[in-house]
Amino acid sequence: MAEVLEISEPEAVRREAVARRGFLNRMRRGGGVLGQALVPIVLAMIVTGLILAIMGKNPFTFYDQMFSSGLFNWQGFEQTIIRMAPLLLMGAGLIVAFTAGIWNIGGDGQFLMAVAIVCGIGPSLMSAVPRALGLIILLVVSFVVGGLWTLLPAFLKARYALNEIITSLMMAFIGISLADLLIKGPFRTHLNTVPQTNVIPFQKLLPAIPGTNIHIGILLALVVVGVIYWAMTRTGFGLRMRVLGANPRAAVHSGISVFKMTMVGFFLSGALIGLAGGTEILGVWGYVRADWNPGWGFVMFAIVFLARLNMLACIPIVGFLAVVQLGGHTAAQNVGVPDDFILLFVALILLFMAVTDLLRTGRLFGRKPKEIVSVVTTAGRLEATDD
Amino acid sequence: MTPLGVVESVAAVSAEPAATSAIELIGITKAFPGVVANDDVSLRISCGEVHCLLGENGAGKSTLMNVLSGMYQADSGQIKIDDQVVEIDSPKRALELGIGTVYQHSTLIPVMTVIENLMLGMGSGVRLPLKTSLAGLQKLASSLGIEVDPFAVTGRLALGQQQQIEIVKALWHGSKFLILDEPTSMLTPQGIAELGELIKQLKAQGLAIVFITHKLREALDLGDRISILRRGRLVAALGPDELRAGSREEIQGKIIGLMFGQEKAQLADVAEIRDELTGRRGRQLKTAPILEIEGVSVEPRRGEVGVHDVSLAVKTGEIMGVAGVDGNGQRELAEAIAGQRHIAGGHIKFLGHPITHLSVAKRQQLGLRYVTDDRLGEGIVSSVDVATNLVLKRIGQRPFWRSGGRVCTPVIQETARELVEEFDIRTPSVTTDCGTLSGGNLQKVVLARELSFGPKFVVYNKPTYGLDVKTTMAVRERIRKIAEKDEVAALLISTDLEELLDVCDRIAVLFRGKITGVVDNQPGAAEEIGRLMIGGGE
Amino acid sequence: MTEAFWTALIAGAILAGMPLLLGGLGETIAERAGLLTIGLEGYMLFGGYVGFVAALYSHSSAVGLIASLVAGVVASLIMMFFCVRWRVDQIVVGIGILFLFEGITSVAQRAQFGTTYPRLGNVPVVKIPLLDRIPGFGPSLFSQPLIVYLSFLLVVVIWWVLKYTNVGLSLRAAGEKPKALDVSGVSVVKVRSVAALITGALAGLGGGYMAIIGAGIFVPFMTHGAGFISIVVAMLGRGKSGLVLVGAFIFGLTVSVGTALQIVGVSISTDIINMLPFLIVMLALVLLARQSVLPGALAVPYKREGH
């Protein structure tokens, strides 16, 4: 008869076997994540295929088009890599936030505000200073603007424990409208009648990797992802963020300044998303048109969950998303379904992922479901009510 | 049954004293992953008796009663009521069968009124049965001799009163069998006496009372029949005759032997069987205070009492106890000293220096430590490994982290191994996720962390709550030892009076957020403390 | 200010506020029961689309509204199974629901109507005699489609149900302390399931109102944050349906004030009009940051240990 009150031996041994030691084990774990990500993706593909069939379209043609134009075609492949740059940065931003227990839903607002400011001051700046200096300044500006746009929800959460899902979302709507106002107003170009900003000429944008059309933004993104990964897993700062996200009360108890960590975490998250905006503008467009909103914030949300908040696993999964977005866009046009079809596909991935994770562990990646204290709550209250 | 049902059934039972109902549990087995909580337990509960279920923490008492109350289903075994096999597959079914339960942790909704709590799940039809419920409450309360305001907000009532309402709720459906799971853990000595009276009255009215406890004294005081559980098994069932055969000491000794196994019968300092100590302390202490609290107040949050104008001074190397019923401001006081709570008034001095505005981290470094009672919720991070949890309050500090911020895992793990050895923490390795450890080992982790790296003063909040006897003794021993040898002073907050009398030099009493008195640990301290716990010299 | 201004203001406030009222009432019920419906906007879109199509083909707004209610119930089945029965995280599922119905309604609309946006005719209006002749706001407030008056009635009904009925008490217990409900013999899963479906019904109806009566057309993503504003309205209302009514129409005013000003010739860019409700929400949240009271067990799935 097993000893009362002691842990069960088989369980402990199993957990020991999954110990986070050594590079090989880490790689294995990362691989495990990808393997698990595969199931919901495949299920989503099947269901989406069925929907296509019901609509009278050929699913195989659709998927074939999607992958061949996104992956197996050199130009398409280049486009996919180019698209990965801003998505990876956004993913890093979201993962940083979630690690600290922050639900930064307002990514689109942070993204667009950074884009608007960069496009607003960019053209005049780039004609006044050398290219390299100008690009660096603009990237830093996009970083800072994105971070600043989180300050209000961050403060409300840090000081008053105000639920940040609602506040960051409201800021997103405000940011999207404000960006449009700026683009149609003070930043508007006088060179034509289209509501857009002035253009940074192509030769002044981010340089390409020699031999390709891929701008170096992807390298920047990979470096940033690596740095963030290192910081989150190997430093005291990263541990503080992880503790804050895993157990805010234990964070208070351990002497971690919840206020400081929340503000910094939120800022960093928004800043990375802003940087994504800067990278996309400075790498691809050089200008922005009013009412432009690719809406990657919400989609990346699903992706980082699919990657189980693991920065390394995010890279291939973001690659997959880029293929789906770009290849899917072409395929959708050719097959004759609207673009928003992709939204459906991603939604299915999210829902299937929730189900498969539930079936495996009974919980969503071993985290307790978020306990909502309130939108409005007593001052200084940090812990969730438990039941 | 209607709320009035109990009164009717009570009348019926009293009219025929010979016809008593009984529940029989036959071969109940219930296992959870890694633990067999109940192993082939059989016992009989009869009306008109108080049947005590005795056993130390973790013996399986609550699990057995959860099976009876419908919260759990047994893996194997049978339950019979009046010789008829029954299936208790939900709390609803248990209530229908006449089984009412008062759980260890409150099942009342604090923001709702008393009558709302009682009407929950009662009505059939659309409208709330307010009128009939008020009438039923009136009848039931007077038959039990208690006073209740139906429209009081439950969360604002005293704990003793809340418990009375839980008993009313348990009897609401006309129950014949009342289960009380550790009912005295939240009560003052006077409240315990009142509960005893109520139980006697219910017994006289023909109900069966099942009284679950780990306190031997209570079982002997109240029980007509005592069933002893140890590690999931029923090791003895003592009926009324056996309980009268011999002096109280003899029976106590016999029961302890059964509770812990014969080889541990000589555990003379098990809290339960010890009479009041006679001036155990009388140590020579330096008079220099290490911690001074003056006029400290803490704002209460929802459901709390707060702390009001509290002043205390703890000497170097002294163990100062804080007695009081749970919920009188203990948590707030502990957190205020640790730095987790904002102080609304007054100041705190540590080693002569004011620390009122110092952060938690700074106080840690000065040697002020806090062993929290909320091990899982606050003390550790379950998804992080044991080694990291052991250095959780030293994040970023050398030698565990380098000046760049980079972590030195080997150093952390080496230190962790030493601590695991020293504190006897049972874990497969230091890299196991902390959340897999049992309650006792979690407490050891928290202790190991707080008591390492030169502690000077430790706030212990209920450090032995819910632990088995062996671990409990080890913890108390360690608190004493470091106080005597290393002059580590302590503020020991506990709801267990025996523990305080065992360990402390002086004992302060906390009542409704105020210190009603400080008592030297001398003969007669227990009565004085009991008096102060209900408000002192009023 | 002219009659035209007031009429535009109030009529516009009702037009914009009604979906928020219905969504807010739905979310109030959900929150009282312990559910957080981040996907509310998805319910609205689905109800809006289905209701619109039904109204279009049946030439009856009543049929359309009923269809939108049913569509909302169907949409909320996801929440019911995933979150209440299977205890999956409510927020992740909520976002999934949001995407799903954004995607479904957008694709379906494009597939069915291509790039045209068919318009519905005007909706029959019920005039309350005498009251509708009050100068200033009479005509706008007292000649509204039946659904508006029914919604006001609903505010009272919900208040009464939450306070005075068994169902209401069980609902509140499910949100405050589900264990208390469980030991009283009531199925927490059943109560929360019913709550989830009612939320879907009301939100779907709100979306239907938006498409059929508010706009007369269905445009993909037309809710533009209305679902989230409803959530805020419900939270600020703290379980009191009367406050939800007030909040919904205050936010409705922020939307209509822009249009009303345009009518009297003050020109404000659409971007500012778009921003206004969200700015007001942020302002409200900042000002009211110090108050509280949400159900204790909000967004936490209930699990009876040992099962």
(Q) What does the net charge come to around C:LEU197 if you take all other residues with beta carbon closer than 13 Å to its beta carbon, with K and R at +1 and D and E at -1? (A) +3
Q | Isotropically averaged projected area of the range C:123-281, using the convex hull of Cα atoms (one quarter of hull area), nm² | A | 11.7
Q) Tell me, B:LEU68, C:LEU146, A:LEU205 in order of fewest to most beta-carbon neighbours within 10 Å? A) C:LEU146, A:LEU205, B:LEU68
Q: Check cross-link reach from B:LYS286 to the lysines: straight Cα distance under 16 Å, and skip same-chain residues fewer than eight apart.
A: B:LYS315, B:LYS456, B:LYS485
Q) To the nearest whole number, what is the average tally of beta carbon atoms from other chains within 10 Å of the beta carbons of peptide A:241-253? A) 6
Q: Based on other C-beta atoms within 10 Å, arrange B:HIS105, B:HIS173 from fewest to most.
A: B:HIS105, B:HIS173
Q. Can you list, bin by bin at 5 Å, the percent of alpha carbon pairs in the range B:381-451, starting at 0?
A. 3, 19, 31, 25, 14, 6, 1, 0
Q. Placing +1 at every Lys and Arg Cβ and -1 at every Asp and Glu Cβ, with all other atoms neutral, what dipole size does the protein assembly as shown have around its Cα centre, in debye to the nearest 20?
A. 2860
Q | Two-site FRET efficiency, B:LYS349 against B:ARG480, from Cβ-Cβ distance with R₀ of 25 Å, rounded to 0.05 | A | 0.45
Q: For the range A:88-105, take each phi angle, set θ = phi - 60°, evaluate the Karplus expression 6.51 cos²θ - 1.76 cosθ + 1.60, and give the result in whole Hz per residue in order, putting x for glycine and proline.
A: 5, 5, 4, x, 4, x, 5, 5, 4, 4, 5, 4, 8, x, 9, 9, 8, 8
Q. To two decimal places, what compactness ratio does the range C:160-201 give when its Cα radius of gyration is scaled by 2.2 N^0.38 Å?
A. 1.08
Q. Given the Cα-Cα distance of B:VAL411 and B:GLU294 and 0.36 nm per residue of separation, how much length would full extension add, in nm?
A. 38.0 nm
Q: Please give, to one decimal in nm, the separation of the simple spin-label points placed at A:ASN73 and C:ALA111, each 7 Å out from Cα toward the Cβ.
A: 2.5
Q) Measuring from a point 7 Å past the Cα of A:LYS260 along Cα-to-C-beta, which residues in the range B:352-393 have an amide N at less than 17 Å? A) B:357-366, B:392-393
Q.
From Cα pairs below 8 angstrom and at least 6 apart in sequence, can you work out the relative contact order of the range C:22-224, rounded to a whole percent?
A. 44
(Q) Along the charge dipole of the range B:381-451, pointing to its positive end and built from +1/-1 on Cβ of Lys, Arg, Asp and Glu, which listed residue (B:ILE395, B:LEU437, B:GLN413) has its Cα farthest out? (A) B:ILE395
(Q) If you take every residue apart from A:ARG188 with its C-beta less than 14 Å away from the C-beta of A:ARG188, what net charge results, scoring Lys and Arg +1 and Asp and Glu -1? (A) -1
(Q) I want to check the label-to-label distance for A:ALA128 and C:ILE134. Put each point 7 Å from Cα in the C-beta direction and report it in nm to one decimal. (A) 5.9
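Using helices alone, what [θ] at 222 nm do you get for chain C, with -39,500 (n - 2.57) per DSSP H run of 4 or more residues, divided over all residues and rounded to the nearest 500?
One gets -23000 deg cm²/dmol as the mean residue ellipticity at 222 nm.
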Q | Relative compactness, the protein assembly as shown, computed as alpha-carbon Rg over 2.2 N^0.38 Å | A | 1.01
Q. By count of other Cβ within 10 Å, fewest leading, how are B:ASP241, B:ASP502 ordered?
A. B:ASP241, B:ASP502
**Q.** Where only C-alpha atoms are counted, convex hull volume of chain B per residue in Å³
**A.** 171
Q | Share of Cα-Cα pairs in the range C:22-224 lying beyond 28 Å, as whole percent | A | 33
Q | Average beta-carbon neighbours from other chains, 10 Å sphere, peptide B:395-403 | A | 3
Q.
Defining a contact as two alpha carbons under 8 Å apart and six or more residues distant in sequence, what relative contact order in percent does the range B:381-451 show?
A. 43
**Q.** chain B, relative contact order [Cα under 8 Å, separation at least 6], %
**A.** 15
Q: With 18 Å as the limit, write out which pairs from A:LYS260/B:LYS393; B:LYS176/B:LYS200; B:LYS203/C:LYS179 have Cα-Cα distances beyond it, or answer none.
A: B:LYS203/C:LYS179
Q) Quick one: if the Förster radius is 30 Å, what FRET efficiency do B:PHE32 and B:VAL86 give, using the C-beta to C-beta distance and rounding to 0.05? A) 0.80
Q | Pairwise FRET efficiency - A:ASP291 versus C:ILE263, Cβ, R0 = 30 Å, nearest 0.05 | A | 0.80
Q | J(HN,Hα) series, the range C:99-106, from Karplus relation 6.51 cos²θ - 1.76 cosθ + 1.60, nearest Hz, glycine and proline x | A | 4, 4, 7, 4, x, 4, 5, 5
Q. If the label point is 7 Å along Cα→Cβ of B:GLN190, which residues in the range B:122-160 have backbone nitrogen under 20 Å from it?
A. B:145-149, B:156-160
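Rule-based calculations on the coordinates, nothing more; no lab input. Because the structure is a prediction, the values reported are computed rather than measured. For neighbour counting, all protein chains shown are included, and Cβ atoms are generated from backbone atoms with ideal geometry for every residue, glycine included.
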